[in-house]
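Read the structure below first, then the notes.
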Amino acid sequence: MAQTATSRGDFGHKLFIGFVALVYVFLMLPIVVVFIASLNAGAYLKFPPDGISLRWYAAFFDNEPFLQAMYVSLRVAAISTVFSTAIGTLAAVYYVKFALRWRQALRMVLIAPMLLPEILTAIALLLYYYSIGVGTKTLAGLQIGHILVTMPYVFLNVTATLGNMNPSLEEAARSLGATPTTAFRRISLPLMKQGIVNGAMFAFIISFDTFSISLLLKGVDTMTLPIQLFEYLQWNFDPTAAAVSTLSIVVTATIVLLTDRLVGLRAIHF
Amino acid sequence: MSVDAALPLSMERKSRWPSQWSLLVLPALVLVIVFLAVPYFNIVVMSFRQPSTTAPYGPGFTLTNYVKALSDPFYLAVLVRTLVISIAVTALCLAIAFPVAYHLARTQSRMRGLLFACILSPLLVSAVIRCYGWIIILSNNGLINAGLKQWGLIERPLPLMYNELGVMIGLVHIYLPFMVLPLLGAMQSINPSLEEAAQSLGARRLTVMRRVVVPLAMPGVQSGTILVFVLSASAYVTPVVLGGSRVKLMAPMVVQQLAETFLWPFGAALAIVLAVIGAVSVFAWARATQRLMKGEA
Amino acid sequence: MTKLVIEDLQKIYKDRETHKNVHAIRGINLTIGSGELVSLLGPSGCGKTTTLRCIAGFEVPDAGAIRFDGENLVQRPPEQRDIGLVFQNYALFPHMTVAENISFGLQMRRVEKSEIRQRVSGVLDMVQLTKLEDRYPRQLSGGQQQRVALARALVIEPRVLLLDEPLANLDAKLRDEMRFFIRSLQQRVGITTIYVTHDQSEAMVMSDRVVVMFDGIVSQFGTPPSIYGRPASRKVANFVGLSNFISGRIVAREGETRRRVDTPVGSLQCLCEGTSEPGEDALLVLRPEAVALSLERPAGAVNLFPAQVRERHYLGHTTDYRLACADGSLVQVHQNALFDARPGTDVWCSFPAESCWLIPAGEASAS
């Protein structure tokens with residue numbers, strides 16, 4: 001009896017592991033494929049590639065629109081990160097330490113930009129900017145849209161970090177003579193650092209990769225990289241797009257590694 | 001709850017409201033109210049405005065936009081297609097994510113961190129790039145078709161793109177992590193001793209899954225399915241890139257009305273219809289699964 | 001060398017789930033002398049931690065006063081009370097080294113850097129952790145962390161030392177060692193100390209006096225021997241050590257504090273507070289280790305009754321007997337291994353009047 005169960009279990013188990021492995025392959029496949037395609041020596045997007053070459057990376061550096069878009073994306077992402085981290089962290093401190101009534105409602109309101117479909121938010125901003133007369137193609141409008149959708153990630157991360165902190169720590173500090181403000185500054189703030197930096201990392205990546213907001217609020221010289229790529233793909237299928245894509249992945253991967261070096265990635269919370 | 005325990009002593013003495021500390025949350029509140037709440041309200045207002053061909057909207061208010069959105073068979077078909085595809089994508093994601101989440105929750109392998117990174121890493125890559133990857137794989141000269149042709153298995157390329165199949169593959173790929181993460185969270189909080197207890201009482205693996213794991217993972221199932229459904233119903237990039245103009249779903253349709261044909265009131269009405277139907281579906285689903293969870297508690 | 005007085009302390013909570021008022025503390029009065037170590041002992045929910053937090057300043061009582069050397073500190077925030085607090089979970093600052101943790105309180109008091117260094121190494125010596133000043137808390141064992149927490153609280157030379165179940169997270173053997181360590185340290189420094197615990201043996205070993213609390217009020221406040229040997233109520237007797245309860249009626253006075261009581265197992269002589277009179281109902285407390293068992297009827301025994309062995313359990317240092325008395329009730333007795341009687345054996349139970357304590361009927365109710 002025991003033997004049959006084990007052998008049947010073995011096959012079932014192997015099937016299970018096989019399926020799970022297949023799913024991981026499925027998840028990574030498009031990214032790997034894009035990377036390989038970017039090294040294609042040939043001019044067309046076919047598989048298997050003709051040979052290995054870096055010509056499409058060179059093509060990127062010659063391509064004005066892409067270079068401009070990369071610059072815009074990096075700049076917008078950097079500014080989004082700074083603002084949403086500041087705004088989100090302040091809100092998180094208030095939420096954890098001071099909010100009493102309407103606590104749940106406040107939380108809902110502050111993470112609403114993350115809960116609502118991004119395309120709807122983009123539409124809302126488009127119509128809104130027109131209705132109030134600032135125009136729909138300003139960089140500021142785009143920037144605000146980015147800050148709006150990235151702030152909730154910082155808020156949630158910092159809130160969770162603060163919430164997980166041992167409440168006795170601040171009490172211990174106060175029992176030793178620290179005022180509440182000093183206790184926060186010397187104890188909670190340094191411990192929050194990891195949550196803040198992780199939140200900032202998310203803010204940067206989300207802003208860098210976001211599509212819908214950038215699409216609807218784009219102006220002539222305010223195209224972000226994903227949008228530029230999208231436009232390019234309407235007409236061209238050469239591997240320049242693959243090179244651009246790979247470089248974009250390199251940017252986000254670098255940010256992740258940088259964050260890991262700085263504070264570690266243990267404090268990721270949603 | 002540890003968050004509540006962190007309330008400072010000062011709250012006991014001063015019950016004045018608002019205190020000067022509310023300034024902390026003011027920027028965030030202003031940001032959300034001025035740039036989210038008001039604009040959303042504006043969409044609603046816009047949906048009642050008169051459409052115009054010479055400007056984004058004309059003077060006066062009307063219900064014709066909603067009438068058109070809900071009665072025109074073309075748009076109804078788009079709505080139905082969107083909902084059907086969203087449900088299908090959600091179901092597929094759930095079926096695929098469940099074993100993956102369970103494996104990751106229970107595995108002792110040293111590769112745990114790497115596997116978790118594999119789940120998260122697609123989230124770090126822009127949707128456009130992932131769809132582009134699928135183009136390379138699914139197109140007529142792409143990975144699959146070229147490979148199958150080379151091995152003599154087919155003569156003419158399989159249509160894997162510019163149709164609903166391609167769009168669904170893309171959507172499942174993009175939203176799979178959003179189903180895995182809540183499921184993983186729910187499963188990690190299930191004490192493995194429960195499964196061992198069931199086995200010791202004679203239950204086979206599949207029975208343990210069905211009678212112990214699935215019911216206890218319901219909170220994760222609920223949040224995962226809601227999340228993926230909402231994301232799929234409002235998806236823009238994937239249907240456009242992988243479906244082209246042949247697969248018409250709601251979000252691309254709305255954007256088309258707004259950005260190309262400039263029929264803003266109608267576009268707004270379509271957006272509201274999508275949002276309301278989505279919200280109603282989510283609400284009904286949440287109630288249904290809540291009852292399932294209560295029964296198991 | 002601070003005298004601590006608690007006057008009529010009251011604290012009411014609103015339960016977040018039931019929205020009902022919970023009376024956590026219902027009028028506590030305590031006077032704790034300078035240099036005393038007093039334990040607050042009781043089951044969870046009895047209000048001992050709430051009382052400690054009121055003394056520390058993290059809870060504001062709804063009524064009453066807390067006086068350090070006569071001065072009422074209820075309106076003062078914790079950071080101005082000059083207290084030392086040791087937490088159950090140690091609450092060491094994870095981002096600071098041991099030395100930095102300990103210096104923190106001194107920095108708050110704006111002590112000179114050189115003096116800080118001196119005092120830190122002094123207190124590290126006291127807790128025997130001299131080589132570990134540059135380690136981080138996560139690199140220390142539980143016992144070491146608790147000693148750092150102690151050092152951090154003592155280095156600032158506070159007026160009162162407060163400990164909230166500090167040994168609850170340590171394993172049994174370490175707990176035993178740490179008890180003696182904390183007690184000897186406290187006595188050496190001579191600091192007035194309040195020690196919260198739910199472990200009665202801990203309270204007995206460490207305290208000058210013990211406050212036994214149930215449901216927000218003080219049931220008894222006295223030295224460990226008086227708590228153990230002369231419990232004020234059935235609840236206290238039950239909570240502190242094992243007890244046999246025998247109910248009966250007082251029939252005669254046989255001295256200022258001696259009484260004769262008629263019980264189902266026989267007529268017994270016992271000690272009492274001195275306020276109980278003949279005719280009253282009473283509950284007698286008899287500790288298992290106070291009873292002597294013998295096969296022959298002992299001569300000259302003050303209190304005596306026959307019983308039969310029902311169960312016998314060997315515990316190592318002692319043997320636990322369950323005996324059935326003439327009226328069917330069960331009595332628990334501990335005897336050392338020199339005496340051995342198998343189940344079914346008839347034995348005699350004898351004990352002096354000093355081992356039999358009378359609880360007046362009013363305090364005898366179990367709830």
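For this structure, a couple of remarks:
- Each residue, residue B:282 and residue A:258, gets one label point 7 Å from its Cα in the Cβ direction; the gap between the two is 3.3 nm.
- Residue B:117 paired with residue B:165, simple spin-label distance in nm, labels 7 Å along Cα-to-beta-carbon: 3.5 nm
- For chain B: relative contact order, % (alpha-carbon pairs under 8 angstrom, 6 or more apart): 27 percent
- Other protein chain C-beta atoms within 10 Å of residue C-beta, averaged over C:73-84: 4.
- Protection proxy ranking, peptides B:62-73, C:341-352, average beta carbon neighbours within 10 Å, highest first: C:341-352, B:62-73
- Kirkwood Rh (inverse of mean 1/r, distinct Cα pairs), the protein assembly as shown, angstrom: 33.7 Å
- Value of [θ]222 nm, deg cm²/dmol, for chain C, DSSP H segments ≥ 4, -39500 (n - 2.57) each, nearest 500: -7000 deg cm²/dmol
- Considering all C-alpha pairs of the range C:19-73, those separated by over 18 Å amount to 35%.
- Shielding score for A:13-25, defined as the mean number of other chain Cβ atoms within 10 Å: 3
- Debye, to nearest 20: dipole size of chain A, +1 on Lys, Arg Cβ, -1 on Asp, Glu Cβ: 1000 debye
- The calculated FRET efficiency for the pair residue C:135 and residue A:82, based on their C-beta separation and a Förster distance of 51 Å, comes to about 0.90.
- Cα extents of chain A along the three principal axes, largest first (Å): 78, 71, 33
- Taking a straight line from the alpha carbon of residue C:11, these aspartates and glutamates sit under 15 Å away, with near neighbours fewer than eight places off in the same chain left out: B:12, C:59, C:62, C:215.
- Selection from C:9, B:281, B:102, by position along the positive dipole direction of the protein assembly as shown (Cβ): B:281
- The calculated P(r) of the range A:32-119, using every Cα pair and 5 Å bins from 0, goes 3, 11, 12, 12, 11, 10, 8, 9, 8, 7, 6, 3, 1 in percent.
- For the range A:11-29, backbone nitrogen atoms closer than 11 Å to the point 7 Å from residue B:110 Cα along Cα-to-C-beta are found at no residue.
- With the charge dipole of the range C:110-269 set up from +1 on Lys and Arg Cβ and -1 on Asp and Glu Cβ about the Cα centre, the Cα lying farthest toward the positive end among the listed residues C:139, C:154, C:242 is that of C:242.
- Annotation: average projected area of the range C:206-324 is 9.6 square nanometres, based on the convex hull of Cα atoms across all directions.
- Whole-Å semi-axes of the ellipsoid equivalent to the range A:115-270 (Cα gyration tensor, √5λ, descending): 39, 21, 11
- Chain C, relative contact order [Cα under 8 Å, separation at least 6], %: 16 percent
- Whichever lysines have a C-alpha closer than 28 Å to that of residue A:218, once near sequence neighbours (fewer than 8 apart) are set aside: A:137, B:248
- Highest mean packing comes first when the peptides C:152-162, B:106-116 are listed by Cβ atoms within 10 Å, giving C:152-162, B:106-116.
- Among the listed pairs C:20/C:48; C:48/C:235; C:3/C:48; A:193/C:131, a Cα-Cα separation exceeding 23 Å is found for A:193/C:131.
- Using a Förster distance of 51 Å, the FRET efficiency for residue A:193-residue C:289 (Cβ separation, nearest 0.05): 0.35
- Square roots of five times the Cα gyration tensor eigenvalues for the range C:267-351, Å: 25, 14, 13
- Here the Kirkwood formula, the inverse mean of 1/r across different C-alpha pairs, assigns the range C:144-279 a hydrodynamic radius of 17.5 Å.
- Put in order of Cβ neighbour count within 10 Å, fewest first, the listed residues A:130, A:95, B:132 become A:130, A:95, B:132.
- Cα extents of chain B along the three principal axes, largest first (Å): 81, 73, 34
- For the range B:91-180, the fraction of alpha-carbon pairs lying more than 24 Å apart is 35 percent, rounded to a whole number.
- The spacing between the range B:108-169 and the range B:228-270, judged by their C-alpha centroids, is 23 Å.
- Simple spin-label estimate for residue A:101 and residue C:177 in nanometres, 7 Å along Cα-Cβ: 5.5 nm
- Using the Cβ-Cβ distance between residue A:62 and residue B:141 with R0 set to 30 Å, the FRET efficiency from 1/(1 + (r/R0)^6) comes to roughly 0.70.
- Computed over every Cα-Cα pair of the range B:66-106 and binned at 5 Å starting from 0, the pair-distance distribution P(r) comes out as 5, 22, 14, 14, 10, 10, 9, 7, 6, 3, 0 percent.
- Relative intensity, log₁₀ I(q)/I(0), of the range C:130-221 from a Debye sum that treats every alpha carbon as a point, q = 0.19, 0.23 Å⁻¹: -0.98, -1.32
- Full-extension gain in nm, residue B:199 to residue B:76, via 0.36 nm per residue minus C-alpha separation: 39.3 nm
- Computed over chain C, the range of Cα coordinates on each principal axis works out to 74, 45, 43 Å, biggest value leading.
- One quarter of the convex hull surface built on the alpha carbon atoms of the range C:4-108 amounts to 8.5 nm², the projected area averaged over directions.
- Partner chain coverage, peptide B:40-47 - average Cβ within 10 angstrom: 5
- For chain C, size of Cβ-based charge dipole, Lys and Arg +1, Asp and Glu -1, in debye: 660 debye
- In terms of the mean number of neighbouring beta-carbon atoms within 10 Å, the peptides A:177-190, A:138-151 order highest first as A:138-151, A:177-190.
- Value of relative contact order over chain A, rounded to a whole percent, pairs C-alpha under 8 Å and six or more apart: 30 percent
- Taking N as the residue count of the range A:102-174, its C-alpha radius of gyration divided by 2.2 N^0.38 Å amounts to 1.54.
Just so you know, all these numbers are worked out from the coordinates, no wet-lab data involved. All figures in this text were calculated on a predicted structure; none of them were measured in a lab. A quick note on method: Cβ atoms are made from the backbone with ideal geometry, for glycine too, and the neighbour counts reach across all protein chains shown.
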